[in-house]
Amino acid sequence: MKIRENLDALIATHPEIYEAYERYGKAVHEQGGPLDEKTRWLIKLAVSAAQGLAKAQLTHMAKAQAAGCTAQEIEHAILLIAPTAGFPRMMEAMERFREAR
């Protein structure tokens, strides 16, 4: 099942839960502190990549690009996870990045 299809199924089945989740996520993203939009998406991208959350990484990469992040900035965010999350995890994330381009 594709990412959007899975999300649409959740929304159709549990709209109130998704709405509460979306409000929470938006509040944290927009009102949680002083970081600019690009930085917030790069952080979310790096966290999802470090955790091995492939679908989240793809979503965050698309949102980072929409916020104005360059391919070089996205690649740098992925490279930065290697010392903490490990080289193999970084390489998996880099593969997803390259396949999505």
- Message: Take ALA27 and tell me if it is assigned by TED's automatic domain parsing to the domain that holds ALA100 and part of a helix (DSSP H, G or I).
- Response: no
- Message: If I ask for residues that are assigned to a helix (DSSP H, G or I) and surrounded by 11 or more Cβ atoms within 10 Å (Cβ to Cβ), which ones from the stretch 7-24 would you list?
- Response: LEU7, ASP8, ALA9, LEU10, ILE11, ILE17, TYR18, GLU19, ALA20, TYR21, GLU22
- Query: Given (1) free of Cβ contacts under 8 Å to residues at least 40 places away in the same chain; (2) on the phi > 0 side of the Ramachandran plot; (3) not hydroxyl-bearing (Ser, Thr, Tyr), where does GLY52 come up short, assuming only one miss?
  - Reply: (1)
- Restrict the check to the stretch 76-85 and report whether at least one residue is of a type in the set (A, V, I, L, M) and not in a helix (DSSP H, G or I). yes
- Task: Filter the stretch 33-55 for residues that are modelled with pLDDT under 95 and either over 24 Å from GLU99 (Cβ atoms) or exposed (fewer than 13 other Cβ atoms within 10 Å of the Cβ) (or both) and give the result.
- Result: none
- Output the qualifying pairs, or none if there are none: Cβ atoms under 9 angstrom, residues six or more apart or on different chains, first residue in the stretch 82-101 and among the acidic types (Asp, Glu), second residue part of a helix (DSSP H, G or I) and modelled with pLDDT of 95 or more. GLU92/ALA49; GLU92/ALA54
- Message: Condition (residue is hydroxyl-bearing (Ser, Thr, Tyr) and within 11 Å of the chain's Cα centre (by Cα)) applied to the stretch 44-61: is it met by at least one residue?
- Response: yes
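The values are calculated or read from the model by the stated rules, or taken from the named source; none is laboratory data. Since the structure is predicted, the reported quantities are computational estimates derived from the model, not experimental observations. Cβ atoms come from the backbone with ideal geometry, glycine included; neighbour counts cover every protein chain shown.
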